[in-house]
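Colleague: One structure follows; several queries about it will come next.
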Amino acid sequence: MKQLYVNSEIKSLKRVLVHRPGDELTNLTPTWLNELLFDDIPWLKNAQEEHDFFVAQLQREGVEVVYLIDLVVESLVDPQIKKKFIHQFILESNIRHPQAMKKIFNYLNTLPTKDMVKRTMSGIVKEQFKPFRKHGLKDYIRDYPFITAPMPNLYFTRDPFSIIFDTVSLHHMFKQARQRESIYGEYIFNYHPDYKETKHVYERADEFALEGGDILLLNADTIAIGLSERTEPEAIEILANRLFEQTEAKTILAIDLPKKRTFMHLDTILTQVDHAKFLIHHAFLKPLNIYEIKKDGKPGRLYINERHATLAQVFSRYLGEKVTMIPCGGDSKISSDREQWSDAANALSIKPGLVVVYERNVITNKLLKEHGIKTITIKSSELSRGRGGPRCMTMPLLREK
C-alpha cells in the first residue's frame, strides 16, 4: 500500500493526482455548455499542451505525478470488477431501457480497459454509435446528442475526492453534471492495490453534497471548509464527526460563502501560499460568518460556536502566528474581480513560498513576488475556460509530514 497523507496546504508536495484533458472537451457544444458547467469551449490541443507543461513543472520540482485514468485502469484488472464498473456507469448515466443497457454494456466491455475508461469520460455520442437505435420515448422527443454525457470538468481533480490526513473523502457532487466523476475515486479506493485499504470518512452515497474545492487543510488540527454553492452544512457535520473519530482533527472552521458560481468553492477565493500567507479575493477581507466546530463530549454531538470575524483573525488564532492576506489583483476592484475570475486566488503550493499560478494574472503574480513568494507561471488560455486554477487541477496524495 502506498502512503497517503496530507495535513497541510503548503508542506512539500510529494505525489499528486491529475487528469489530462481528453475528448470530453471536444464533446462540448454551445447548446449544452450551461448544463455541463462551462462558459466557453476550450481548444483541446492547446489545453493538453498547457496541461502537459503544468505537469512538467511539477515533475521538475520533484513531484511524482499520477494520472487518474491510469489509477482507474489499475483498479479494474479483475474482469468482474470491470463489469461491475460498467454496469454502475450505465445506471449512473440514467440509462434504463433494457435493450439500450445491454447494447452499451456489450460495447464498453469489448473495448480494452483504458479505451473503455476514456469513453466513459468523453461521453458516448449518438452519431458515433452507429447504427443508433431509438429504444425509448426520450430518444424520440429530446434533441440530445449524447447516449452518455461527457465529463468535461474531470481535469479539476480537486473536487471528486480529498485526502484528509490518512483518510479519503469520496464526494457526493452537488451538480448533476459532475456526480458521476467520483465513481472513479470509488473504484480506486475500493480496488486499487495501492489504495484499497484507505479509510473512508465520506461516501458518494452520503445524502449531502460535499466537494474538495471547499476543503483547506490548515494544519494537523484544523480544517477550513467552505459553506459554498456546492457544499452543504449537513455534509460538513457528517464529515466533522467522522474526522473527529478517525483522525487527529480537532477543529473544523465552516466559512459561510455566497451561494453563487463566481465563488463556487472556498479555493476560488482563498488559497495558502506560505507560512501564514494567503491569497484572497478582496470581497472576503471583511468579517464573515465563521463557525468553529469541535467535538462535544457525547458521541455524534458537535460543539458549534458562531463567530463574525475576518479570516485573518480566525486563522491567526489557529495557526499561532499573525496571518497576512494578499488580495488577488491588488486594491483595484476591477483588477481583483477580473483576475479572480481567471483563478488568481487559486494557487497550488509545491512547498512553502513556492506556488504554481496562471501567467495571465500579472498583478497578483507581482504582489506574490513582493511578499517573498516564488512563482512558477503556466499558460492558461484554454485551461482557464473551465473556471479552475492550478489548485483545482490537482489532488495531493502525499505531502511531507
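Colleague: Counting only protein heavy atoms and using a 1.4 Å probe, what share of the accessible area of region 7-91 belongs to carbon plus sulfur, as a whole percent? Don't skip to the answer; put the middle values down first.
Modeller: Details: 1940 of 3700 Å².
Answer for region 7-91: carbon and sulfur cover 52 percent of the accessible area.
Colleague: Additional query: Taking the Cα-to-Cβ direction at LYS45 and at LYS250 and moving 7 Å from each Cα, how far apart do the two end points lie in nm?
Modeller: A separation of 5.6 nm, rounded to one decimal place.
Colleague: Please compute the modelled spin-label separation between ASP23 and ASP194, points set 7 Å along Cα→Cβ, answer in nm with one decimal.
Modeller: Using points 7 Å along Cα→Cβ, the separation is 2.7 nm.
Colleague: Still on this structure, I have one more. For the pair GLN176 and PHE129, what calculated FRET efficiency results from E = 1/(1 + (r/R0)^6), where r is the Cβ-Cβ distance and R0 = 22 Å, to the nearest 0.05?
Modeller: 0.50
Colleague: Also, quick follow-up: If you count the DSSP beta bridges with both ends in region 103-260, what percent of them are antiparallel, to the nearest 5?
Modeller: Antiparallel: roughly 50 percent of the beta bridges in region 103-260.
Colleague: Over all distinct Cα pairs, what is the inverse of the mean 1/r for region 209-256, reported as the Kirkwood hydrodynamic radius in Å? Numbers along the way, then the final one.
Modeller: Numbers: mean 1/r = 0.0945 Å⁻¹.
Result for region 209-256, one decimal place: 10.6 Å.
Colleague: On to the next question. Please determine, in degrees from 0 to 90 and to the nearest 10, the orientation of helix 233-246 with respect to the longest principal axis defined by the Cα atoms of the chain, where the helix direction is its Cα long axis.
Modeller: 80
Colleague: What are the ³J(HN,Hα) couplings of region 315-331, residue after residue, when phi is run through the Karplus curve with 6.51, -1.76, 1.60 and θ = phi - 60°? Round to Hz, x for glycine and proline.
Modeller: 5, 4, 5, 7, 8, x, 7, 5, 9, 9, 9, 9, x, 5, x, x, 7
Colleague: Going Cα to Cα from LYS294, which aspartates and glutamates come in below 16 Å? Please leave out same-chain ones fewer than 8 positions away.
Modeller: Excluding near neighbours in sequence, the set is ASP221, GLU234, GLU237, GLU245, GLU248, GLU306.
Colleague: Ratio of alpha-carbon Rg to the 2.2 N^0.38 Å globular estimate for region 232-330, to two decimals, please.
Modeller: Values: Rg = 14.4 Å, N = 99, 2.2 N^0.38 = 12.6 Å.
Normalised Rg, Cα atoms only: 1.14.
Colleague: Compute the orientation-averaged projected area for region 23-164 from the convex hull of its Cα atoms and round it to one decimal in nm².
Modeller: Values: hull surface 41.9 nm².
Quarter of the Cα hull surface area: 10.5 nm².
Colleague: Run through region 276-340 and list the trypsin sites (Lys or Arg not before Pro) located in a DSSP loop whose Cβ has at most 12 other Cβ atoms within 10 Å. Before the final figure, lay out each step's value.
Modeller: Working: sites: LYS277, LYS294, LYS295, ARG301, ARG307, ARG317, LYS322, LYS333, ARG338; in loops: ARG301, LYS322.
In loop regions of region 276-340 (DSSP not H, G, I, E or B), the sparsely surrounded trypsin sites (Lys or Arg not before Pro) are ARG301, LYS322.
Colleague: Over 30 Å between Cα atoms, which of LYS83/LYS379; LYS277/LYS379; LYS126/LYS379; LYS2/LYS250; LYS84/LYS134; LYS2/LYS298 qualify?
Modeller: Numbers: LYS83/LYS379 39 Å; LYS277/LYS379 24 Å; LYS126/LYS379 34 Å; LYS2/LYS250 26 Å; LYS84/LYS134 25 Å; LYS2/LYS298 35 Å.
The pairs that break the limit, which is 30 Å between Cα atoms, are LYS83/LYS379; LYS126/LYS379; LYS2/LYS298.
Colleague: Taking 1 over the mean of 1/r across every pair of different Cα atoms in the chain, what Kirkwood radius in Å do you get? Please report the intermediate quantities before stating the final value.
Modeller: Values: mean 1/r = 0.0461 Å⁻¹.
Averaging 1/r across every pair of different Cα atoms and inverting gives 21.7 Å.
Colleague: Next up: Where both partners of a DSSP beta bridge lie in region 255-401, what percent of those bridges are antiparallel, to the nearest 5?
Modeller: On the way: 16 of 25 bridges.
Of those bridges, close to 65 percent are antiparallel.
Colleague: Still on this structure, I have one more. Would you please state the base-10 log of I(q)/I(0) at q = 0.13, 0.14, 0.25 1/Å for region 306-401, with intensities from the Debye formula using one equal scatterer on every alpha carbon?
Modeller: -0.51, -0.59, -1.31
Colleague: For LYS260, go through the lysines and keep the ones whose alpha-carbon is under 25 Å away, minus same-chain ones fewer than eight residues off.
Modeller: Candidates past the 8-residue exclusion: LYS175, LYS286, LYS333.
Colleague: What Kirkwood radius, in Å to one decimal, follows from the Cα pairs of region 271-311?
Modeller: Kirkwood radius, region 271-311: 12.4 Å.
Colleague: Which whole-percent values make up P(r) of region 177-261 when all C-alpha to C-alpha distances are grouped in 10 Å steps starting at zero?
Modeller: 16, 44, 35, 5, 0
Colleague: Ok, one more. Short version: what are the Cα gyration tensor semi-axes of region 122-280, square root of 5 times each eigenvalue, largest first, in whole Å? Present the calculation step by step, with values, prior to reporting the outcome.
Modeller: Values: eigenvalues 229, 71, 39 Å².
In descending order the semi-axes read 34, 19, 14 Å.
Colleague: Just from the alpha-carbon atoms, what are the Rg and Dmax of region 301-362 in angstroms?
Modeller: 15.1, 47
Colleague: Per residue, what accessible area does the chain have, given a 1.4 Å probe and all protein chains present, in Å²? Each step should come with its number before you reach the end.
Modeller: Details: 16590 Å² over 401 residues.
Accessible area per residue, the chain: 41 Å².
Colleague: Per residue of region 165-178, in order, report the coupling 6.51 cos²θ - 1.76 cosθ + 1.60 (Karplus, θ = phi - 60°) as ³J(HN,Hα) in whole Hz, putting x for Gly and Pro.
Modeller: 6, 10, 10, 10, 10, 9, 9, 8, 6, 6, 8, 4, 4, 10
Colleague: Work out how much length ILE334 to GLU306 would gain on full extension: take 0.36 nm times their residue separation and subtract the Cα-Cα distance, in nm to one decimal.
Modeller: That pair, ILE334 and GLU306, stretches by 6.9 nm at full extension.
Colleague: Please report the relative contact order for the chain, taking Cα pairs under 8 Å with a sequence separation of at least 6, and give it as a percent rounded to a whole number. Could you put the intermediate results ahead of the total?
Modeller: Values: 838 pairs, mean separation 87.7, N = 401.
Rounded, it is 22 percent for the chain.
The values are calculated or read from the model by the stated rules, or taken from the named source; none is laboratory data. This structure is a prediction, so every number in the text was calculated from the model and none was measured. Please note: Cβ atoms are built from the backbone with ideal geometry, for glycine as well, and neighbour counts cover all protein chains shown. Each accessible area value is taken on the protein alone, full model and side chains, heavy atoms only, with ligands, DNA and RNA left out. Shrake-Rupley method; radii C 1.70, N 1.55, O 1.52, S 1.80 Å.
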